[in-house]
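The numbers here are math on the coordinates, done by the rules we state, and not lab data. Predicted, not measured: the structure shown is a model, and the values here were computed from it. As a convention, Cβ positions derive from the backbone with ideal geometry for all residues, glycine included, and neighbour counts pool all protein chains shown.
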Amino acid sequence: MISSNKLVFGLDTFGDVAYDERTQERLSYSQSIKNTIEEGKLADQLGIDVIALGEHHREEYAISSPDTVLAALAMVTKNITLGTGVTVLSSDDPVRVYERFATLNALSNGRAQIMLGRGSFTESFPLFGYDLRDYEDLFEEKIALFNELLKGEPVTWQGRVTQTLENAQVYPKMEEKLETYVGVGGSPDSIIRAAKYGFSVMLAVIGGTRYVLINTLICINVRRQNLARLFIQ
């Protein structure tokens, strides 16, 4: 787990499909994924703290299953933290997400990290059969279920947009709680939600001006008392 007492230096990539510098031809998806593995190996050798892989389901990006690529990196690296940026929880199954990252954590000797988010694009929703009208409810319910799964205990859960579980055990078990972040695009409500579950946040304001971020920080400051009440409860 990364210590909060030191400056952390990391890299992130969406697995962009690049062009060959010599021929100017577009690289294959296979080569693009292999390049990501080589980048991760080099980052580990150079002492970079973390590498985070994004999830997209679009023509210009090669990585649609970041945890699979991270599992390959687990086999060829020793120290670097292996994370996502982000895992689109809204259009995924929290149980399967837990299982995949528990597996990654085992393969990497505890170096797995997950960043949950709703994604900056929405192509995964229709692709996996989700209705965009449930956009808010999907993330709200799935992050709550994921939080229960992280406890490592049998889960009983009544779902509306997720499955219903009755005293369900989920495997493999993790020896330590998975380091979990929430990727936030500037919404104060998203900060409050992450705090409710004790998750760290990563601010990723990728659009608009600096005033968007400033306004977000002001709103967070104004809501400090409400935030404190969440922890008290």
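Provide the FRET efficiency to the nearest 0.05 for the residue 19-residue 106 pair, computing r from the beta carbons and using R0 = 22 Å.
The formula returns an efficiency of 0.05 here.
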Long-range amide H partners of residue 16 with built H, under 5 Å: 62
Could you work out the local net charge near residue 97, counting Lys and Arg as +1, Asp and Glu as -1, over the other residues with Cβ closer than 13 Å to its Cβ? -3
Going Cα to Cα from residue 151, which lysines come in below 22 Å? Please leave out same-chain ones fewer than 8 positions away. 142, 173, 177, 196
By the mean-Cβ-within-10 Å protection proxy, highest first, 132-140, 92-100 rank as 92-100, 132-140
Let me check I've understood the local charge: for residue 39, count other residues with C-beta under 15 angstrom from its C-beta, Lys and Arg +1, Asp and Glu -1. What total comes out? -3
0 to 90° range, to nearest 10: angle between helix 135-149 axis and the chain longest Cα axis: 90
Using θ = phi - 60° and Karplus 6.51 cos²θ - 1.76 cosθ + 1.60, couplings along segment 22-38 (whole Hz; Gly, Pro as x): 7, 9, 6, 8, 5, 6, 6, 5, 4, 5, 4, 5, 5, 5, 5, 4, 5
For residue 11, enumerate residues with amide H under 5 Å from its amide H, sequence gap 5+ or separate chain, H modeled in the peptide plane. 50, 51, 52
Note: segment 78-209, point scatterers on Cα, Debye, no solvent; log10 I/I(0) at q = 0.16 Å⁻¹ equals -0.83
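Count the DSSP beta bridges whose two residues both fall in the chain, then state the antiparallel fraction as a percent rounded to the nearest 5.
On the way: 4 of 23 bridges.
The antiparallel proportion sits near 15 percent.
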Of 104-116, 79-91, 18-30, ordering from highest average Cβ density within 10 Å down gives 79-91, 104-116, 18-30
Ranking request for peptides 141-153, 157-169, 31-43: highest mean number of other beta-carbon atoms within 10 Å first, then the rest in descending order. 141-153, 31-43, 157-169
Which lysines, on any chain, are close to residue 78 with Cα under 19 Å apart, when same-chain ones fewer than 8 places away are left out? 34, 41
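So how much slack lies between residue 60 and residue 171, counting 0.36 nm per residue of separation and subtracting their Cα-Cα distance, in nm?
Full-extension gain reported as 36.6 nm.
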Distance (nanometres) between label positions extended 7 Å along Cα→Cβ at residue 132 and residue 96: 2.2
Calc'd 3J(HN,Hα), segment 78-86, phi into Karplus 6.51 cos²θ - 1.76 cosθ + 1.60 (θ = phi - 60°), Hz, glycine/Pro = x, comes to 10, 10, 5, 6, 10, x, 10, x, 10
Can you run phi through the Karplus equation (6.51, -1.76, 1.60; θ = phi - 60°) for segment 58-65 and list ³J(HN,Hα) in whole Hz, with x for Gly and Pro? 10, 4, 7, 10, 8, 9, 10, 10
Would you mind checking which residues have amide H under 5 Å from residue 202's amide H? H placed 1.01 Å from N; only 5 or more apart, or other chain. 182, 183, 184
State the answer as a single residue: which of 87, 185, 198 lies farthest towards the positive end of the charge dipole of the chain, with beta carbon charges of +1 for Lys and Arg and -1 for Asp and Glu, about the Cα centre. 198
Kirkwood Rh, the chain, all Cα pairs: how many Å? 18.9
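So, counting K/R as plus one and D/E as minus one, what does the shell of residues with Cβ under 11 Å around residue 85 add up to?
Working: positive: none; negative: 12, 55.
Result for the neighbourhood of residue 85: -2.
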